[in-house]
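Visitor: Take this structure, written in structure tokens, and hold onto it; I'll ask about it next.
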Amino acid sequence: MSAAFRVFGLNLLKTNRNLTQNISRLNNAALASSNLQSQCSNYSTETVQAAPLAIKKQKVSKAMKAYLERAQEHDEFMKTQHLEYHIGKRHLANMMGEDPETFTQEDIDNAIEYLFPSGIYDKKARPAMKNPDEVFPARKAAEFDETGRPFHSMFYTGNPNFYKLLYDIVEEINKLYDLDERMLRRGQKPDPNLKIDLTGFSWVSKEVLELRLVEKISDIEYNSFTATMERLVAHPYSYKCKAFIDNYTKALMDHSSQLEIPQPHIDEEGRQYITTYECLRKTARGDVTIRVPGTGKITINGQDITYFEDAQPREQILFPLIFAEMLGKCDVEANVEGGGSSGQAGAIRWGIAMCLRSFVDQEMIESMRIAGLLTRDYRRRERKKFGQEGARRKYTWKKR
């Protein structure tokens with residue numbers, strides 16, 4: 001029995017020892033966790049997310065970096081130029097005693113011409129101050145970011161701005177089609193009095209369109225642009241997008257409306273007359289007087305139209321009268337000297353056309369301008385060149 005009790009006592013002691021060790025371990029762990037919580041309470045409670053290892057910094061090529069730097073430098077340069085232009089404009093206005101806010105580019109040119117007189121023949125060599133947008137050609141901004149992804153959705157077409165313009169035109173046409181369908185459901189029709197009439201207007205030229213788009217376009221692409229715009233204008237509801245169409249049209253009558261047309265005088269017989277001096281063509285000089293009403297009498301240096309023996313000079317003189325429908329309704333008196341028959345006929349023709357402006361309407365004046373009747377002809381005979389047989393002709397080359 002004593003041996004059995006001894007074994008039982010040893011087992012009990014081992015069990016008590018194990019329990020004591022486990023309890024001490026639990027107490028140490030609880031103490032450590034409490035200390036950790038007290039230390040963490042002294043710091044911020046913000047959540048920190050570890051960056052995934054899969055994300056790597058994308059490398060930017062040297063060419064891409066140089067491209068973006070050049071674009072940024074150009075933008076900063078233009079900002080500096082605009083700032084200097086506005087500062088110079090204000091200084092110039094103060095020197096001339098004008099309001100800087102209402103000082104226009106024409107005022108700037110007149111002020112520079114007054115303050116800095118120059119006798120240089122070539123106007124481009126004279127001092128000038130223009131807007132930086134006119135001096136420095138427009139450049140495209142950065143078209144893609146550092147990763148090489150383009151900003152424009154039509155970048156890969158080659159001409160993104162041009163095709164974006166075509167896309168906008170088609171969008172306007174689709175809007176008009178939708179409007180037309182809605183109006184048909186309501187039983188309404190477009191107002192014919194509001195239809196866009198492009199008489200006296202034309203589309204902007206290819207060069208102007210290229211400046212606006214900052215892109216070079218071909219003749220085929222320009223024809224596509226005009227054809228698409230014509231399709232837009234042909235729609236019955238095109239007046240709904242008149243503002244969009246006006247952005248790409250120009251008036252043909254601007255030049256003629258700016259011309260100062262002299263008022264006719266009254267002679268002793270009570271007839272209206274107008275005289276044009278300095279009628280030039282080659283070496284011929286003359287003056288022309290037209291009297292209205294008249295019988296169609298033409299007097300050249302005291303003689304009738306037979307002053308010219310050839311038919312071509314006579315046709316030159318009659319052409320502006322026939323074109324303006326004034327043949328037989330006015331009398332023409334011309335005095336001309338110098339030059340030959342061609343030069344004298346050209347001088348008289350220009351003088352007749354300039355005089356007829358005072359007796360026709362504005363529409364006829366515009367037609368005459370388009371026909372070239374109001375444009376002075378400065379062409380002259382080209383001189384013979386040294387070492388040549390003529391102005392352009394070369395001597396026949398002989399081998400021996």
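Visitor: State the extension gain, in nm to one decimal, for the chain segment bounded by Ile322 and Arg393, taking 0.36 nm per residue of separation less the distance between their alpha-carbons.
Guide: Value of the extension gain: 21.7 nm.
Visitor: Modelled label-to-label distance, Arg271 and Glu84, 7 Å Cα→beta-carbon offset: nm?
Guide: With each label placed 7 Å out from Cα toward Cβ, I get 6.4 nm.
Visitor: Let me ask another. Cβ neighbours within 10 Å, averaged per peptide: list 300-308, 229-237 in order, most packed at the top.
Guide: By packing density, highest mean first, the sequence is 229-237, 300-308.
Visitor: Quick one: with all protein chains in place, what share of the accessible area of the stretch 274-380 is carbon or sulfur, to the nearest percent (1.4 Å probe)?
Guide: Roughly 47 percent, rounded to a whole number.
Visitor: What is the distance, in nm, between label points placed 7 Å from the Cα along the Cα-to-Cβ direction at Arg149 and at Arg185?
Guide: Placing both labels 7 Å beyond Cα along the Cβ direction yields 3.9 nm.
Visitor: Specify the inter-centroid distance of the stretch 358-400 and the stretch 77-136, based on alpha-carbon positions, in whole Å.
Guide: The distance from the Cα centre of the stretch 358-400 to that of the stretch 77-136 comes to 36 Å.
Visitor: Once fully extended, how much extra length lies between Ile370 and Tyr156, figured as 0.36 nm per residue of separation less the alpha-carbon to alpha-carbon distance?
Guide: 72.9 nm
Visitor: So what's the net charge close to Thr283: Lys and Arg +1, Asp and Glu -1, counting the other residues with Cβ under 11 Å from its Cβ?
Guide: Surrounding charge for Thr283 is +4.
Visitor: From the cross-link list Lys164/Lys240; Lys123/Lys216; Lys123/Lys282; Lys123/Lys250; Lys250/Lys282; Lys282/Lys399, which pairs have alpha carbons spaced over 32 Å apart?
Guide: Lys250/Lys282; Lys282/Lys399
Visitor: Let me ask something additional. Which FRET efficiency, nearest 0.05, do Val214 and Asp168 yield, Cβ-Cβ r, R0 22 Å?
Guide: 0.85
Visitor: In whole percent, what relative contact order does the stretch 269-400 give with Cα contacts below 8 Å and a gap of six or more residues?
Guide: Numbers: 216 pairs, mean separation 37.0, N = 132.
Relative contact order for the stretch 269-400 comes out at 28 percent.
Visitor: Give, in nm to one decimal, the length gained when the segment between Lys130 and Ala251 is fully stretched (0.36 nm per residue of separation minus the Cα-Cα distance).
Guide: The Lys130-Ala251 span can extend by a further 41.0 nm.
Visitor: What's the ranking of 390-399, 268-277 by average number of surrounding C-beta atoms within 10 Å, highest first? Before the final figure, lay out each step's value.
Guide: Working: 390-399: 7.8, 268-277: 13.9.
Put in order of decreasing packing, that is 268-277, 390-399.
Visitor: Between Asp197 and Thr299, what is the spin-label point distance in nm, taking each point 7 Å from the Cα along the Cα→C-beta axis?
Guide: Spacing of the two 7 Å Cα→Cβ label points: 4.2 nm.
The values are calculated or read from the model by the stated rules, or taken from the named source; none is laboratory data. Only a predicted model underlies this, so the values are computations on that prediction, with no experimental measurement involved. Please note: Cβ atoms are built from the backbone with ideal geometry, for glycine as well, and neighbour counts cover all protein chains shown. Areas reflect the complete protein model, heavy atoms only, side chains present, ligands, DNA and RNA absent. Shrake-Rupley method; radii C 1.70, N 1.55, O 1.52, S 1.80 Å.
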